[in-house]
1. Which residue, chosen from Met183, Val80, Tyr135, occupies the Cα position most advanced towards the positive end of the dipole of the stretch 80-197, where the dipole is computed from +1 (Lys, Arg) and -1 (Asp, Glu) charges on Cβ about the Cα centre?
2. Compute, for Asp184, the solvent-accessible surface of its heavy atoms (probe 1.4 Å) with the complete set of protein chains present, and express it in square angstrom to the nearest 10.
3. Obtain the nm distance between the two label points defined at Val92 and Arg191 by a simple spin-label model: each point lies 7 Å from its Cα along the Cα-to-C-beta direction.
4. What order do Trp116, Trp95 take when sorted by accessible area (1.4 Å probe), most exposed first?
5. Do any of Lys40/Lys156; Lys16/Lys46; Lys40/Lys186 go past 18 Å between their Cα atoms, and which?
6. Hey, if we sort Cys155, Cys83 by accessible area with the 1.4 Å probe, largest down, what's the order?
7. Explain nothing, just the number: dipole magnitude of the stretch 169-230 about its Cα centre with +1 on each Lys and Arg Cβ and -1 on each Asp and Glu Cβ, in debye rounded to the nearest 20.
8. Quote the FRET efficiency, to the nearest 0.05, computed for Val43 versus Glu229 with a Förster distance R0 of 45 Å and r equal to the Cβ-Cβ distance.
Amino acid sequence: MASGLEVSAGLYGDVKIWRYMDVGQFLQVLHSSSLYFARKHEVEDKWEGVHPQSQGRKGLRDLHAAGWPSFAEKVAGEAVFNCWHENEHESVAMWNLYTSGREGVAIQTTVGNLFWLVREGTVHWPSVRVHRVSYVDYDQEEPPQSADNQGFLTCKRRSYAHEREVRVIIQYVPGNVGMLIRMDLKRLIQRIVVAPTYPVWAIGALQDAVERAGISVKVESSDLLRTPEI
């Protein structure tokens, strides 16, 4: 069993990451002081946690023949993960993809903040990893190399490359559903931005909810609403 802390090369602590959600999901985050870590069967992409097919044809033929697919399935089934978008700024694409209506909310933090707060909330689990997702051709390419041959946990198909995903993985967690990890939101959340379509009249109520949760962050309107100076 691998253990300890791991952050992928080049993913520095001050890198900005965003999580986009509907306002109901955000209020649940405030209420529970937690982030939800999902299992692979709880997400829409059915290729999540699947080992790229090239592993069976190239360097790991022997492992494949000896039951590698079942091993990979077991490893993926015992992992839970929480996903973020890496960007210095808001993303139009992420608003459209990860909010279902007018009332979307995005929170911004850094890789360093997220990593250490997750680690504080997961002292009973031996392995916490933060990685940039690699986007690969599942028929032609190998997953990222890792000492435990589990780089496939940080792979997605090239069709998802626009997501620029940073993924936190907690491994060796038994169970069939995801889990909430409690953390200090006052330390986690650096910015709160509402979608361009968010009703202006509702921002005050959202700010009240943020302050009741003990978070001293001003809710911002989307920068996408700013008009050019002529």
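The values are calculated or read from the model by the stated rules, or taken from the named source; none is laboratory data. Source: prediction; values computed, not measured. Note that each Cβ is placed from the backbone with ideal geometry, even for glycine, and that neighbours are counted across all protein chains shown. Side chains included, ligands, DNA and RNA excluded: accessible areas come from the protein's heavy atoms. Shrake-Rupley method; radii C 1.70, N 1.55, O 1.52, S 1.80 Å.
1. Working it through, the farthest residue towards the positive pole turns out to be Met183.
2. We get 50 Å² for Asp184.
3. According to this spin-label approximation, the distance is 1.8 nm.
4. Values: Trp116 140, Trp95 10 Å².
Ranked list, largest accessible area first: Trp116, Trp95.
5. Values: Lys40/Lys156 12 Å; Lys16/Lys46 28 Å; Lys40/Lys186 29 Å.
Cα-Cα > 18 Å for Lys16/Lys46; Lys40/Lys186; rest within.
6. Details: Cys155 0, Cys83 40 Å².
Order by accessible area, largest first: Cys83, Cys155.
7. The dipole magnitude comes to about 240 debye.
8. On the way: r = 42 Å, r/R0 = 0.94.
With a Förster radius of 45 Å, E is 0.60.
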